[in-house]
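*Asks:* Below is the structure I would like to discuss, written out as structure tokens.
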Amino acid sequence: MEEEIGLLERLLDPDELQQLSGTVWSWIDNTVLVPSTLVQFLIIFAAWALARMLSPAGRRILERQIGKGRFARFTDPALRTLLPLVLPVFWLVLQWFSVFAAKQAQWPNHLVESAVSLLTAWVVIQVLSRAIRDPGWSKSLAFLAWTLAALNLLGLLTPTMVTLDSMGVTFGDVRISVLSALKAGLVLVALLWGAGFLSRLIEARFEHARGLSPSAKVLLGKTVRIFLMGVAVVAALDSIGIDLTALAVFSGAVGLGVGFGLQKVVSNLISGLILLMDKSVKPGDVIAIGDTFGWINSLRARYVSVITRDGTEHLIPNEELISQRVENWSFSNTLVRLKIPIGISYESDVKRAMALAEESANAAARVRKDPAPVCRFMAFGADALELELRIWIDDPQAGVANVRSEVLLNVWQVYRENGIDFPFSQRDLHIRSSVRLPVQVVRGDVPDGPSQSGED
């Protein structure tokens, strides 16, 4: 307490304040108000003014590029991200040139370098906040950028890197330090992001290729993605000096794990590759497997997404499409024949009913005219004459119950207009009994006695 009071008294002492102000002014006079510092301030201001003059032209160039090109859906987000950063990016580029020029001329440049560090950190943070949707990753990378900028300004970046590099462990001939692990992590994140972006560009190119089937497009896209991801991981491991031949032991352990616990996973992965290569199913095909009927939405590494007519998405493992019987309604072509049973009464004109049924089918929009609808007389039923209307459609992915309903509604209306009757089920009941049943006839208030004969 006494020390704090003494410190406060010294701070309020006029002599101490005068000495402190003299020290501060001496530092400003010797450090700030010198020609080299003033020149650096002028260079920073000149770079900002020039960037401000060039930014409208750069903004117009970027705006004209939005929506153009084959890969517009990938480049447009990047252009919209850079659009509000045209001024700081130009400013940063000009400051970098000024730093290089000052170093070549051996001029003082500490102030310009500090401005470059702060400006670089700010631009990186703004780009990451717009490009990365995950707020956690965005905040983490922003914190890292500001930390590096602060260490660089304080002159502590190199000592910090040396300290982190000294903290590590050695495995055989490989030494892994904290610094190398951080570098490998950053390299891996950057390469994975770049591999994902590049794979999406290539997949988009495959999507527009006319000579490739849908399954071949999916297969090539997945192969390219897996290859690029593998290259990213290998490059990240190589950046920290890990000998890739040492992965043989790891691959043996993975094989052992596959043999015991990952049989189904690997089976589905291999089955997925087989499905893509033999083209037995592809996106858009209408299939029926078990109790599931719908069209294939996408082919994934482990499963196939099948959407039914009620909107339910079934994720069917690839192995089931290999081992079970699958009905593919659009394997070789999309033509599907539907059989619609119809019953008419025995008093109806059969030939007239068959002709009217075919006319009703032709009135439906989705029923093909070639092959034309045809109606057949199938059998003499217990209650009706049994007909069967056979129609063809070429868009089973649009559903079959709806077109069947439309045709039956047309048949119902046409039959009613032309006097063709639909029969009702009829049954005759015969009662056989050897027991006499007494019959009593009541007239007025006096009941008659029971009849002696069961025939009354």
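This table checks each residue for (1) over 26 Å from Glu406 (Cβ atoms); (2) without any contact (Cβ under 8 Å) to a residue 40 or more places away in the chain.
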| residue | (1), (2) |
| --- | --- |
| Ser280 | yes, no |
| Gly311 | no, yes |
| Ser323 | yes, yes |
| Glu327 | no, no |
| Ile340 | no, no |
| Lys351 | no, yes |
| Arg366 | no, no |
| Ala372 | no, yes |
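*Asks:* Quick one: Glu347 ticks every box in (1) farther than 30 Å from Asn410 by Cα; (2) surrounded by fewer than 17 Cβ atoms within 10 Å (Cβ to Cβ) bar one, so which box is it?
*Replies:* (1)
*Asks:* Restricting to segment 366-381, name every residue that is small (Gly, Ala, Ser) and at pLDDT 90 or above.
*Replies:* Ala372, Ala379
*Asks:* Of the residues Glu319, Glu359, Glu313, which single one is of a type outside the set (Phe, Trp, Tyr) and within 29 Å of Glu386 (Cβ to Cβ)?
*Replies:* Going through Glu319, Glu359, Glu313 in turn, just one is of a type outside the set (Phe, Trp, Tyr) and within 29 Å of Glu386 (Cβ to Cβ): Glu359.
*Asks:* Tell me the residue from Arg60, Arg80, Arg73 that is modelled with pLDDT of 80 or more, surrounded by fewer than 16 Cβ atoms within 10 Å (Cβ to Cβ) and not aliphatic (A, V, I, L, M), please.
*Replies:* Testing whether each residue is modelled with pLDDT of 80 or more, surrounded by fewer than 16 Cβ atoms within 10 Å (Cβ to Cβ) and not aliphatic (A, V, I, L, M) leaves just Arg60.
*Asks:* What number goes with the only condition from (1) part of a helix (DSSP H, G or I); (2) under 30 Å from Trp295 (Cα atoms) that Tyr415 does not pass?
*Replies:* Just one mismatch for Tyr415, condition (2).
The values are calculated or read from the model by the stated rules, or taken from the named source; none is laboratory data. All figures in this text were calculated on a predicted structure; none of them were measured in a lab. A quick note on method: Cβ atoms are made from the backbone with ideal geometry, for glycine too, and the neighbour counts reach across all protein chains shown.
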